[in-house]
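**Q** One structure is given below, represented as C-alpha cells, and several questions about it will come after.
The values are calculated or read from the model by the stated rules, or taken from the named source; none is laboratory data. Being a predicted model, the structure only gives us computed values, none of them experimental. Here the Cβ positions follow ideal geometry from the backbone for every residue, glycine too, while neighbour counts run over all protein chains shown.
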Amino acid sequence: MDLSVWVFFAMAILVASVSPGPNVLIVVMNSARFGRYGAVWTILGNLTCLFFIAALASVGVGAALATAPVAYLIMKIAGGVYLAWVGIKLIKTSFGQMASAGVIETAVVGERPSRKELFLQAFVISASNPKSILFLTAVFPQFLNVEAAIVPQFAIMFATIIGLVSFIHGVYAFAAVSLRERPLGQRVRRWLARVTGVTFIGLGAGVAFAK
C-alpha cells in the first residue's frame, strides 16, 4: 500500500472514530466508574469486536447484509434496543445511593463487574450498530490496489484501524479516569449518569430507526 493511500485511509478512520458513539461512551462510562480496570477490559472488548467487524467487511458480509433488508432490520432493532436498555439501566442506577469515590458509580458500593462482564458488554455495544460493517465495506474498496497482493493490504488496514481506535479510546479513558479522581458531589454524579443514560437511549433510537 502506497504511503499516500495509507494516509488518506488513516484519516478516514480517524474522522469516523473520533466522533463519540456507543463504543466511546461505554469506554468513558466504565473508565469513570471503575478506573483503569474498567478502561482496559472495555477497550479490549471494543477492539475485539472491531477486528471481527473489519474481518466481516473484508469478505463482503456488509454487501450481503445490504441486500438482505429483513436481516439488516432485525440487527438494527436488536442493537437499538440493547443500547436503550443500557441507558435505562444507568438512569435507574442514578436514583440509588451513589458512592463518593467516583463520578458514575454503581448503586451498590464496592460492586464491580468481572473482566468477562466488562469485555462482553463492550463487545455487544460495539456490535450493536450494523452500519459499522456497511461503512467498512464501503471504505475498503476505495483504498485497495487490485493489481497488488490483497492480503498484505488488508493486514495494513486492520493494523491501522486497531492502532488508531486504541489510541483514541485510550485518550477518552485517560480523561475519564482523571475526572474520576475529582471530588464531585452526588448531585453532579447523578446528573452525569442520567445524561449518559439519555444519550444511550438516543443512540439506540438512532440505530433502530435510521434508514
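**Q** For the range 97-119, which residues satisfy the criterion of being outside any helix (DSSP H, G or I) and modelled with pLDDT of 65 or more? Write out each step before concluding.
**A** To start, the set of residues in the range 97-119 that are outside any helix (DSSP H, G or I) comprises 97-114.
Hits for the range 97-119 are R112, P113, S114.
**Q** Here's a follow-up. Would you pick out the residues in the range 49-77 that are at pLDDT below 80, assigned to a helix (DSSP H, G or I) and out of contact with any helix residue (DSSP H, G or I) (no Cβ under 7 Å at 6 or more places or on another chain)?
**A** Residues satisfying the conditions are A64, P69, V70, L73, I74, M75.
**Q** What are the pairs, 6+ residues apart or on separate chains, where a residue within the range 150-161 that is without any contact (Cβ under 8 Å) to a residue 24 or more places away in the chain has its Cβ under 9 Å from a residue that is surrounded by fewer than 18 Cβ atoms within 10 Å (Cβ to Cβ)?
**A** Pairs found: I150/L144.
**Q** Taking into account only those residues within the range 183-195 that are in contact with a helix residue (DSSP H, G or I) (Cβ under 6 Å, 6 or more places away or on another chain) and modelled with pLDDT under 75, which is surrounded by the most Cβ atoms within 10 Å (Cβ to Cβ)? First the steps, then the outcome.
**A** First, pick out the residues of the range 183-195 that are in contact with a helix residue (DSSP H, G or I) (Cβ under 6 Å, 6 or more places away or on another chain): 190, 193-194.
Among the residues that remain, those that are also modelled with pLDDT under 75 are: 190, 193.
Numbers: R190: 17, A193: 24.
That would be A193.
**Q** So, one more: Please work out if I125 is in a helix (DSSP H, G or I), closer than 25 Å to F34 by Cα, in contact with a Lys or Arg (Cβ under 8 Å, 6 or more places away or on another chain) and modelled with pLDDT of 80 or more.
**A** Numbers: in a helix (DSSP H, G or I): yes; closer than 25 Å to F34 by Cα: yes; in contact with a Lys or Arg (Cβ under 8 Å, 6 or more places away or on another chain): no; modelled with pLDDT of 80 or more: yes.
When the stated conditions are applied, I125 does not pass them.
**Q** For the range 131-145, does any single residue satisfy the condition of being outside any helix (DSSP H, G or I) and surrounded by fewer than 16 Cβ atoms within 10 Å (Cβ to Cβ)? Working first, answer last.
**A** Of all residues in the range 131-145, those outside any helix (DSSP H, G or I) come to 144-145.
From the residues that got through so far, the ones that are surrounded by fewer than 16 Cβ atoms within 10 Å (Cβ to Cβ) too are 145.
Yes: the range 131-145 contains one or more residues that are outside any helix (DSSP H, G or I) and surrounded by fewer than 16 Cβ atoms within 10 Å (Cβ to Cβ).
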